Amino acid sequence: STEQIYTDWANHYLAKSGCPRLIKDLSQDVTDGVLLAQIIQIIANEKVEDINGSPRSQSQMPIDPPPALSSEGPASLG
């Protein structure tokens, strides 16, 4: 599946960087923005400032996940 391809791609870079946390369920594991921010840091080779490793609220999340990855599921195309 497409989701598995993205999961494998992201996990490749996370593992290569020595990140102890890997993605098991793409739609769930990137919702707090922490892993997504780490992937961006690794790929872009630039620091994402002030990543809260354990956000407890939406305002503490480093970045909002794309709508397709939100808990509501894929955005409607209609």
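Applying the selection to segment 1-25, what residues are among the hydrophobic types (A, V, I, L, M, F, W, C) and under 22 Å from LYS47 (Cα atoms)? Even if it seems obvious, please write down each step before you answer.
The first filter runs over segment 1-25 and keeps only residues among the hydrophobic types (A, V, I, L, M, F, W, C), leaving 5, 9-10, 14-15, 19, 22-23.
Passing the criteria: TRP9, ALA10, LEU14, ALA15, CYS19, LEU22, ILE23.
Could you list all residues from segment 1-25 that are among the hydrophobic types (A, V, I, L, M, F, W, C) and open to solvent by less than 20 Å² (accessible area, probe 1.4 Å)?
Within segment 1-25, the subset among the hydrophobic types (A, V, I, L, M, F, W, C) is 5, 9-10, 14-15, 19, 22-23.
Hits for segment 1-25 are ALA10, LEU14, ILE23.
Taking segment 22-38, which residues are farther than 22 Å from THR2 by Cβ and at pLDDT 85 or above?
Correct list: empty.
The values are calculated or read from the model by the stated rules, or taken from the named source; none is laboratory data. Computed from a prediction, not measured in an experiment: that's the story for all the values here. Because the Cβ atoms are built from the backbone with ideal geometry, glycine has one as well, and the counts that use them run over all protein chains shown. Keep in mind that these areas ignore ligands, DNA and RNA; they rest on the heavy atoms of the full protein, side chains included. Shrake-Rupley method; radii C 1.70, N 1.55, O 1.52, S 1.80 Å.
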